[in-house]
Ligand code: BGC
């Protein structure tokens, strides 16, 4: 049986920030082992994403969030690395797509922009990758060998692919073309709201999407995250799949926790590229 990489051995506190199209939220994350690991020390802090969501304005909002967290008693050192997750393809720190954010981000180094704003080291990862890391380490995927797919249903559809505990980054399943359109334009939580679909109607769309993923990738487990993971009874029982499918456990904090995990990851850990 393949073994998952060992968890970090201490209980470090790391700042994690989850950047979305409507809100930006951060927290002090308790990593390491033990019953409380993967949880926040204190409340999370949220600010609206500035509109338009441009690099300069978002970097300023990020700095406000980090400054609030820095002033807390349990804050890590003010020069410690911050983990940030972002709703786009993030390739070696650079934004490579803009399905749900301002197109001016494309080609911009997220890492340089945020490091300039914070004056400290920053690790940036895709938001679904962050949720995937958090679920694989502390949530529904903890200790699960084989291929785990974390799918987040929100404004878009995010995906994380984790094989034996190792993340394959930027698994953009929301951009998969299905029945002639981008999958997320029909099956995201936003599409459900926009089109006023009831749960059985929405479940048909999810059925089409998840069966397709199942056929192409043969995963061992699907984990469904995003805001919708709070209501699993409305749609999970309606899906008929070979692959077990379970709701995410970290829900709203998965991005914050995963961003912190990415910032703290030792390359030897195997969690990140
Ligand atoms: C983006 C992904 C992101 C997902 C969830 C999609 O539109 O292309 O990169 O992970 O939305 O935010």
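The values are calculated or read from the model by the stated rules, or taken from the named source; none is laboratory data. The shown structure was predicted, so the numbers you read here are calculated from the model rather than taken from an experiment. Neighbour counts are summed over all protein chains in view; Cβ atoms, including those assigned to glycine, are modelled from backbone coordinates with ideal geometry.
Is there a residue being touching a helix residue (DSSP H, G or I) at 6+ places or on another chain (Cβ under 6 Å), more than 16 Å from the ligand (Cβ to nearest atom) and either modelled with pLDDT of 95 or more or not assigned by TED's automatic domain parsing to the domain that holds residue 49 (or both) anywhere in the stretch 84-98?
no
Of the residues 24, 58, which single one is touching a strand residue (DSSP E or B) at 6+ places or on another chain (Cβ under 9 Å), within 23 Å of residue 80 (Cα to Cα), within 16 Å of the ligand (Cβ to nearest atom) and in a helix (DSSP H, G or I)?
58
Looking at this structure, is residue 178 over 30 Å from residue 30 (Cα atoms) and in the same structural domain as residue 153 (by TED's automatic domain parsing)?
For residue 178, the condition - over 30 Å from residue 30 (Cα atoms) and in the same structural domain as residue 153 (by TED's automatic domain parsing) - is met.
Limited to the stretch 61-80, what total is found for residues that are surrounded by fewer than 17 Cβ atoms within 10 Å (Cβ to Cβ) and assigned to a loop (DSSP other than H, G, I, E, B)?
Adding up the residues that qualify gives 8.
Run residue 214 past the list (1) on the phi < 0 side of the Ramachandran plot; (2) within 15 Å of the ligand (Cβ to nearest atom); (3) outside the structural domain of residue 90 (by TED's automatic domain parsing); (4) modelled with pLDDT of 95 or more and report the number of the one that doesn't hold.
(2)
How many residues, within the stretch 148-201, are surrounded by fewer than 19 Cβ atoms within 10 Å (Cβ to Cβ) and in a strand (DSSP E or B)?
Here the count works out to 7.
Suppose the filter is touching a strand residue (DSSP E or B) at 6+ places or on another chain (Cβ under 8 Å), more than 10 Å from the ligand (Cβ to nearest atom) and modelled with pLDDT of 95 or more; does residue 162 pass it?
It is true that residue 162 is touching a strand residue (DSSP E or B) at 6+ places or on another chain (Cβ under 8 Å), more than 10 Å from the ligand (Cβ to nearest atom) and modelled with pLDDT of 95 or more.
Would you check if residue 72 is more than 26 Å from residue 190 (Cβ to Cβ) and either within 15 Å of the ligand (Cβ to nearest atom) or modelled with pLDDT of 95 or more (or both)?
yes
Looking at 122, 108 in this structure, which one is buried (at least 21 other Cβ atoms within 10 Å of the Cβ), more than 11 Å from the ligand (Cβ to nearest atom) and not assigned by TED's automatic domain parsing to the domain that holds residue 176?
Just one listed residue meets the conditions, 122.
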